[in-house]
Amino acid sequence: METVFDILAEPHRRAILQLLTTSERSVGQLEQELQLPQPTVSKHLRVLREAGFVESTVDAQRRLYRLRAEPLRELDVWLAPFREFWSAHVDALEQHLDRWEEGEPHV
């Protein structure tokens, strides 16, 4: 079974998720926007659906895909400590640069 990171490491899957952030789309729409063949788009949608990142509904003769937020929330929770780590370091850099601009001695 693929991990969330394996799934999101694939650039076409990330592109599909990005497109679905604005609105639901059919396979045909995704094909056109990504300029990929239908079997490729369908393969990536299957992986995303099985992992819970997207869900689909049937609208007349076509299947529409939309983003599911839950798996992304779980990833966001996992990433929170890393954001805090980088935020603290960026804040320290900003303070250092402010002192440097003000002509304080370099440390």
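Readers should treat all values here as calculations from the given coordinates under stated rules, not as data from a laboratory. Nothing here was measured: the structure is a model prediction, and the numbers come from that model. Because the Cβ atoms are built from the backbone with ideal geometry, glycine has one as well, and the counts that use them run over all protein chains shown.
All conditions but one from (1) among the aliphatic types (A, V, I, L, M); (2) surrounded by 15 or more Cβ atoms within 10 Å (Cβ to Cβ); (3) out of contact with any Leu (no Cβ under 7 Å at 6 or more places or on another chain) apply to ALA80; the one that does not is (2). Residues in the range 61-96 that are over 24 Å from LEU8 (Cβ atoms) and of a type in the set (Asp, Glu) were compared, and the one that is nearest to the chain's Cα centre (by Cα) is ASP91. Taking the range 14-67, which residues are surrounded by 12 or more Cβ atoms within 10 Å (Cβ to Cβ) and β-branched (Val, Ile, Thr)? Scanning the range 14-67 gives ILE16, VAL27, THR40, VAL41, VAL47, VAL54.
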